Amino acid sequence: MTEPMVLALIAAATGVATSSGLWAFIQKNNNTKSAYFRLLKGLAYDKIVTVGLAYIDRGWVSRDEYEEYLKELVEPYKEMGGNGVASKVATEVGSLPFKALPLKQIVKRKDESHEAD
């Protein structure tokens, strides 16, 4: 490539990068992602609190329930920057005694997971 062609490409790239249309597109895309992020974080918050309070009301949690609760909800929520009430509920769930799920509930959970497939 010759020097004039390289300079022309650099000038064109600079023009596109500094155009207001490109920056408007990027800003709108960031706002959309931000809305999705906030929505997802809000749904995780609701689920952590709802499920956690159900465990607290019941007075115990199975080891499997607790591990899934942490892995699938609490840890990703914290990675998203979540804290506050949901974290307090999760901490309270962690202090509940562990009990084994009755066999009926284990079989029901396995049947439900196969229906989702």
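Any residue at all in the range 97-113 that is acidic (Asp, Glu) and modelled with pLDDT of 90 or more?
no
Which helices (runs of 4 or more DSSP H) does the range 1-76 wholly contain that include 3 or more residues that are surrounded by 13 or more Cβ atoms within 10 Å (Cβ to Cβ) and at pLDDT 75 or above?
20-58, 63-69
Over 16 Å from the mean Cα position of the chain (by Cα) and over 12 Å from Val93 (Cβ atoms): which single residue out of Asp64, Asp57 fits that description?
Asp64
Only one of (1) polar (S, T, N, Q); (2) modelled with pLDDT under 90; (3) within 17 Å of Val51 (Cα to Cα); (4) in a helix (DSSP H, G or I) fails for Asn83. Which number is that?
(4)
The values are calculated or read from the model by the stated rules, or taken from the named source; none is laboratory data. In this text, all values refer to a predicted model and were calculated from it rather than measured experimentally. All Cβ positions, even for glycine, are placed from backbone atoms using ideal geometry, and neighbour counts span all protein chains on display.
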